1. Return the residues of the range 230-251 that are among the small types (Gly, Ala, Ser) and at pLDDT below 95; say none if nothing qualifies.
2. Is it the case that some residue within the range 187-210 is open to solvent by less than 50 Å² (accessible area, probe 1.4 Å), more than 30 Å from Met283 (Cα to Cα), within 26 Å of the chain's Cα centre (by Cα) and in contact (Cβ under 8 Å) with a residue 40 or more places away in the chain?
3. Checking the conditions here, which among Thr184, Thr160, Thr173 is surrounded by fewer than 20 Cβ atoms within 10 Å (Cβ to Cβ), at pLDDT below 95 and either basic (Lys, Arg) or out of contact with any helix residue (DSSP H, G or I) (no Cβ under 8 Å at 6 or more places or on another chain) (or both)?
4. Only residues in the range 127-141 that are touching a residue at least 24 places away in the same chain (Cβ under 8 Å) count as the first member; pair them with residues that are open to solvent by 80 Å² or more (accessible area, probe 1.4 Å), Cβ under 9 angstrom, at least 6 apart or cross-chain, and list the lot.
5. State all residues of the range 95-113 that are assigned to a helix (DSSP H, G or I) and either surrounded by 22 or more Cβ atoms within 10 Å (Cβ to Cβ) or in contact with a strand residue (DSSP E or B) (Cβ under 9 Å, 6 or more places away or on another chain) (or both); if no residue qualifies, say none.
6. Going residue by residue through the range 247-260, is there one that turns out to be in contact with a Gly (Cβ under 9 Å, 6 or more places away or on another chain) and in a helix (DSSP H, G or I)?
7. Does Trp179 satisfy the criteria of being open to solvent by 60 Å² or more (accessible area, probe 1.4 Å) and either modelled with pLDDT of 95 or more or not in a helix (DSSP H, G or I) (or both)?
8. Can you tell me how many residues in the range 50-82 are open to solvent by 10 Å² or more (accessible area, probe 1.4 Å) and either polar (S, T, N, Q) or on the phi > 0 side of the Ramachandran plot (or both)?
Amino acid sequence: MAASGGWLPFDRFMAMALYEPGLGYYASESPKFGHLPKGRDGGGSDFVTAPELTPLFGQALARQVAQALQATGVDEVWEFGAGTGALAGQLLDALALLGQSPRQYTIVDLSGSLRERQRAALARHDGVVRWVDRLPETLAGVVVGNEVLDAMPVQLLARTGGVWHERGVGLDTAGALLWIDRPTQQRPPIDLPGDHDYLTEIHPQAEAFVRTVAERLQCGAAFFLDYGFPEAEYYHPQRHMGTLICHRAHRSDSDPLSDLGQKDITAHVNFTGIALAAQDAGMDVLGYTSQGRFLINCGLLELARDAGARENAMMQKLVNEHEMGELFKVLAMAPALCASGWVPIGFVAGDRTRRL
């Protein structure tokens, strides 16, 4: 903190809190993904993602991946932020049944502890799965990112008394963390009428990440699934408290300055900004819709017919509007040369691209 003049912009603070080696939340050995909250014994988890809810999620997504592999003529899948490895296992098992097994499945994950957990979970796919910690200069394949964009550091902008500030983190005289705002020329991507106090996020790191993927993806397609909104909803005048939130033991709070390294910090995704970043780098948007509609288009209900009562109950969480079905969205993109001549099955009904 002293080296930065006593003030860290929030995106740098968030990056350290999540990824600092040996200290950050994703750099620790503690369990993160699962159904049960953490207890005093250290077991349990902090939150659950769709692949942990039910393998039906990966089986439905695999139908979309299989179509994209065939339509674009590539034979590799790239997954970013693979968590426990559950989604990778579901995709690989389902793709084999569909006759579309990839030649290679590459996982890009910054967390060493999660990579070890993934290796154990995916041991049956040894020889197909590999791990890297950075993108090559060029790649060809189908890219999948489930709940990866929301974990990328964001900048905080606060309008106070009609004046815009960038919100950062400093120390008080007792050494405790506190918020410090500094005037800034930065603004949200759309004008916010009025001068009422307003707190929000901008996403330069997530947009830069997608731009890099778009620049290096020679052929194939990319599918990102996450919670978020199009720009007009993200920066609605009434959303004056932003979307930043923390997760620990299956509970949420809005204080990222407490319990550093012990909880997740996340923000919703501005899907309009992500789509524009991809387009600026030469990608075409193939579709945008809710997770519920996407999974149903991919045959989720058909897959659930032979599943048990528990799997069907979990499936409802994936598609119901008051659960994950509406808050979570799916955005599909492809290099312009690989985008023509096919329509992804996940968007054959209910496509919302025009709302971006």
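1. Ala249
2. yes
3. On the way: Thr184 fails: at pLDDT below 95; Thr160 fails: at pLDDT below 95.
So the residue among Thr184, Thr160, Thr173 that is surrounded by fewer than 20 Cβ atoms within 10 Å (Cβ to Cβ), at pLDDT below 95 and either basic (Lys, Arg) or out of contact with any helix residue (DSSP H, G or I) (no Cβ under 8 Å at 6 or more places or on another chain) (or both) is Thr173.
4. Val128/Arg103; Val129/Arg119; Trp131/Arg119; Asp133/Leu110; Thr138/Gln218; Leu139/Gln218; Ala140/Gln218
5. Here is the first cut: in the range 95-113, the residues assigned to a helix (DSSP H, G or I) are 95-97, 112-113.
Selection gives Leu95 alone.
6. no
7. Yes, satisfied.
8. 6
The values are calculated or read from the model by the stated rules, or taken from the named source; none is laboratory data. Model, not experiment: these values are computed from the prediction. Heads up, the Cβs are rebuilt from the backbone with ideal geometry, glycines too, and the neighbour counts pull from every protein chain shown. These area figures cover heavy atoms from the full protein model, side chains too; ligands, DNA and RNA do not enter into them. Shrake-Rupley method; radii C 1.70, N 1.55, O 1.52, S 1.80 Å.
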